[in-house]
1. Filtering segment 141-159 down to residues that are assigned to a helix (DSSP H, G or I) and open to solvent by less than 10 Å² (accessible area, probe 1.4 Å), which residue is farthest from Asn263 (Cα to Cα)?
2. Could you tell me how many of the residues in segment 73-107 are at pLDDT 80 or above and open to solvent by 40 Å² or more (accessible area, probe 1.4 Å)?
3. In segment 33-55, which residue that is more than 22 Å from Leu117 (Cβ to Cβ) and in contact with a Phe, Trp or Tyr (Cβ under 8 Å, 6 or more places away or on another chain) is most open to solvent (accessible area, probe 1.4 Å)?
4. Of the residues that sit in segment 214-256 and are without any contact (Cβ under 8 Å) to a residue 40 or more places away in the chain and of a type in the set (Ser, Thr, Tyr), which one is farthest from Ser45 (Cα to Cα)?
5. Suppose we filter segment 39-62 for residues that are among the charged types (D, E, K, R) and in contact with a helix residue (DSSP H, G or I) (Cβ under 6 Å, 6 or more places away or on another chain); how many remain?
6. Kindly provide the set of residues from segment 212-231 that are near the ligand (Cβ under 10 Å from one of its atoms) and either part of a strand (DSSP E or B) or open to solvent by 10 Å² or more (accessible area, probe 1.4 Å) (or both), ordered by number.
7. Testing Asp53 on (1) more than 13 Å from the ligand (Cβ to nearest atom); (2) in a loop (DSSP other than H, G, I, E, B), one condition comes back false. Which one is that?
Amino acid sequence: MSSQPNLRRLIPEVDSTVAVASGKGGVGKSTVAANLAVALAGAGSKVGLMDADVYGPSIPKIMGVSQQPEVTAENRIVPPERDGIKLISMGYFLPQGEAVIWRGPMLHKMVQDFLGLVDWGPLDYLVIDLPPGTGDIQLSLCQTVPLTGAVIVSTPQDLALEVASKAIAMFKKLQTPVLGLVENMSYYHCPHCGERDDIFGHGGAESAARELGFPFLGAIPLSPLIRERSDRGEPLQSGEETPSSKAFADIARAVTEQVAIVNSNRRPGLSIET
Ligand code: ADP
């Protein structure tokens with residue numbers, strides 16, 4: 001990060017940035033990013049959500065926001081809001097169907113230009129949905145945005161330790177703290193009888209976290225409600241009395257705690273240089 005002295009100036013009014021990453025696609029990274037943002041906002045924070053998944057931007061759909069952001073006469077991008085969350089997807093700005101041709105340096109410049117143009121205003125948290133995987137694109141993206149820390153999402157079916165280790169190695173290279181691991185689709189909560197079933201033998205991410213010495217931030221059930229609400233563009237609200245919304249609220253609390261620890265270790269003089 002120190003090689004990027006101007007990075008912090010891109011988003012001067014943003015207190016903390018939390019990247020949500022995964023070793024591979026389909027584990028629910030975007031679902032976690034969106035619902036984490038909603039849960040943080042539900043707890044009273046000012047939150048922005050940036051969809052940086054250039055391969056498959058899905059945040060607009062999950063959040064139910066389809067309108068393109070406004071661009072002002074001064075060439076500033078005004079993010080649309082949903083439930084008080086400011087929302088931007090790089091999908092709005094990438095040429096359709098060309099994500100795969102984006103290479104590190106091109107993407108790097110585009111994200112930098114783009115981030116600096118968005119009117120985020122003052123935010124407590126900017127949650128960033130990264131593309132799945134731990135390759136060059138992810139590395140380049142993380143070098144472009146000043147990150148407070150990263151949340152790693154995995155499922156019990158992954159070889160949790162292996163997948164988490166790769167992501168952790170990437171953030172180590174970037175000198176970005178790993179805030180912890182989330183296990184998604186962890187267990188099944190029957191909506192009819194309320195019983196819990198550990199169909200995939202949950203707990204892989206928790207033991208991986210323990211073994212690697214990182215916090216375990218929580219487990220999210222495999223729930224038809226989560227999928228249906230994502231499909232409908234209505235993220236779970238923190239006041240809802242469902243196991244899923246409670247799980248997201250718990251994870252948001254754990255993330256808040258970890259961010260506070262990272263930030264207190266950094267002060268005085270944020271390690272992200274200005
Ligand atoms: P990724 O961003 O890792 O590629 P997504 O967040 O797009 O994954 O999720 C992939 C699919 O899985 C989506 O259809 C989503 O609604 C569904 N999904 C994610 N998490 C859960 C969950 N806990 N329970 C049920 N369905 C889920």
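1. Leu141
2. Residues in segment 73-107 being at pLDDT 80 or above and open to solvent by 40 Å² or more (accessible area, probe 1.4 Å): 10 in total.
3. Ser45
4. By that ranking, first place goes to Ser223.
5. Residues meeting the conditions: 1.
6. Within segment 212-231, Ala219, Leu222, Ser223, Pro224, Leu225, Ile226, Arg227, Glu228, Arg229, Ser230, Asp231 meet the criteria.
7. (1)
The values are calculated or read from the model by the stated rules, or taken from the named source; none is laboratory data. Remember, it's a predicted structure, so these values are computed and weren't measured experimentally. Because the Cβ atoms are built from the backbone with ideal geometry, glycine has one as well, and the counts that use them run over all protein chains shown. Only protein heavy atoms, including side chains, enter the accessible area calculation; ligands, DNA and RNA are left aside. Shrake-Rupley method; radii C 1.70, N 1.55, O 1.52, S 1.80 Å.
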